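Below: one structure, written as structure tokens.
The values are calculated or read from the model by the stated rules, or taken from the named source; none is laboratory data. Only a predicted model underlies this, so the values are computations on that prediction, with no experimental measurement involved. Using ideal geometry, Cβ is built from the backbone for each residue, glycine included, and neighbour counts are taken over all protein chains shown. Side chains are part of the model used for accessible areas, which takes the heavy atoms of the whole protein and leaves out ligands, DNA and RNA. Shrake-Rupley method; radii C 1.70, N 1.55, O 1.52, S 1.80 Å.
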Amino acid sequence: MKGKKGALIALASIPLIMTLGNSMLLPVLPQISKELGINAFKVSMIITVYGLIAIVMIPVAGYLSDRYGRKIVILPALILAALGGAVCVLAAWFMDGVSAYWVILAGRLLQGIGAAGAFPIVIPFVGDLFKDEKEVSKGLGIIETSNTFGKVLSPILGAYLGTILWYAPFIAIPILCLFSFVLVIFLVKKPKKEEAPEPKSLRQFLSEIKEILHEKGRWLYAIFAIGGICMFVTFAVLFYLSETLESKYNLHGAAKGFVLAIPLALLCLASYGTGKVIGQNKKLMKWLGFGGMALLTAAMVVTGFYSGIYFMVGLLSLSGIGIGIALPCMDALITEGIDKENRGTITSLYSSMRFIGVALGPPVVSLLMPSGHWALFGTMAAVGAVGGLLTLFAVKPSSGEKGKSGGTRNRRPASVTGKLVIRQKAR
């Protein structure tokens, strides 16, 4: 990583800031609900609409980044995210009630478009930045840690800002985006001419993606689903905990933020440690990923039987550790299993699935809460179990030897060390 630490810091600022721009709204959602006079489902849509538009736009951003370059896509995306935050601020400042709510949703839509062209492009960018797979794994561990650190900081910062002004978290969004914009401009160098991606026609591009999905679809689809499940459970649990701490335990402000940060802090530490441990050992990635999903599932099952605040926060912290273990493994498997020329689009599809999880978590919880504590956490446990089974059966790494590049269609390497293979039925 020598000589590229500045670029990695700039890239790591993007998931940190994009996460803050979304997650720091979670502790103030009950406050927003009261200020605007809207119900829990409507206020959850402030998180959901951000994720929904990102789902649609992420593959587009991935294609553009493969065709024109990562930095060219990231910079305008950060400006769009800043503008989206500014729209939310203006709506909160000059309007009120339901009319302000709809304009805030429009601002969040714009912010989601910006997020789609920023954070998801960081993952393939790190893959492009380093040639050594071990360095790629370490870099991705730092990116995932930055993302999870944003989740740790966001409830504390969001709750604190909410005590000053209910829409203060919206004000922070443009400032943070512009800060990241400056870092990327000055610390991330443009690729050398020979390293620039070759322009492809849309038809050729779609043909290559179709071929990749046909060849490696089963393990790719499994990792897509696991990423979505992890983010679904994370945002579902945070939304539930935020609502419960305020309505049942009358906990507000910074105190509430610190409680929300406990499971996220452990998620962050687990993510950082996993990124350092896995290296380029794909079998270890698979088994650590399975272990993380198993821990998540077990924690959700036990949480279903306990509604006390201490038990619940402790068990949700265990689920955070499980997610923190699983996500860096999935990031590394998908990044190192795809060639650089198509990495942006494939990882963007993966990011889309993660945003589906972000989008679905809060509204699903708002609908499940009236059904009771066990119904909610039983659902979370079932979803986690699906992720564990996918990790166990759909992805099977095997040790292969690095082949010589060249002579293959689309100029892809003949093989990749430790290439993932799919468990197939015996003929």
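Some points to look at:
- Seen against the Cα atoms of the chain and their longest principal axis, helix 133-164 is set at about 10 degrees.
- Phi angles across segment 27-44 convert, under the Karplus curve 6.51 cos²θ - 1.76 cosθ + 1.60 with θ = phi - 60°, into 3J(HN,Hα) values of x, 9, 4, x, 5, 4, 4, 5, 5, 9, x, 10, 7, 4, 5, 4, 5, 5 Hz, Gly and Pro given as x.
- Cα gyration tensor shape for the chain, rounded if a/c is under 1.5, else prolate or oblate: oblate
- Within the accessible area of the chain (1.4 Å probe), percent carbon and sulfur: 68 percent
- Overall, the ratio between the Cα radius of gyration of segment 292-383 and 2.2 N^0.38 Å, rounded to two decimals, is 1.30.
- For the pair Phe41 and Ser371 in one chain, pulling the backbone fully straight at 0.36 nm per residue adds 117.3 nm over the alpha carbon distance.
- Spherically averaged projected area in nm², based on the convex hull that wraps the Cα atoms of segment 134-286: 13.0 nm²
- Extension gain, Glu215 to Leu165: 0.36 nm times the residue separation minus the Cα-Cα distance gives 12.8 nm.
- Residue (of Ile229, Tyr160, Ala299) at the positive-pole extreme of the chain, dipole from beta-carbon charges: Ile229
- When Trp93, Trp287, Trp219, Trp166 are compared by accessible area of protein heavy atoms, the largest-first order is Trp93, Trp287, Trp166, Trp219, using a 1.4 Å probe.
- In terms of overall dimensions, segment 60-117 has a Cα radius of gyration and Dmax of 13.7, 44 angstrom.
- With helices as the sole contributors, the chain gives -28000 deg cm²/dmol at 222 nm; each DSSP H run of n ≥ 4 counts as -39500 (n - 2.57), and the sum is divided by every residue.
- Using every pair of separate Cα atoms, the Kirkwood estimate puts the hydrodynamic radius of segment 275-319 at 11.7 angstrom.
- Added length on full extension, which subtracts the Cα-Cα distance from 0.36 nm per residue, Val98 to Lys396: 102.2 nm
- Simple spin-label estimate for Gln204 and Ser307 gives 6.1 nm between the two label positions (7 Å along the Cα-to-Cβ direction from each Cα).
- Overall dimensions of segment 64-157 by Cα: Rg and Dmax, Å: 16.7, 54
- Pairs over the 20 Å Cα-Cα cut-off, from the set Lys134/Lys286; Lys151/Lys256; Lys216/Lys286; Lys5/Lys131; Lys210/Lys286: Lys210/Lys286.
- Around the amide H of Lys396, modelled in the peptide plane, lie the amide H atoms of Val421, Arg423, all under 5 Å away and 5 or more residues distant in sequence or on another chain.
- By definition, a body whose alpha carbon gyration tensor gives a ≥ b ≥ c is oblate when a/c is 1.5 or more and a/b is not larger than b/c, and segment 10-68 fits this oblate description.
- When Rg and the Kirkwood radius Rh are both evaluated on Cα atoms of segment 1-104, their ratio Rg/Rh stands at 1.06.
- The residues of the chain expose, per residue, 42 Å² of accessible area to a 1.4 Å probe.
- Rounded accessible area of Leu36 (nearest 10 Å², 1.4 Å probe): 10 Å²
- Helix 253-278 axis, angle to the chain major axis (alpha carbon atoms, nearest 10°): 10 degrees
- Nearest-ten-degree value, helix 309-336 long axis tilted from longest Cα axis of the chain: 20 degrees
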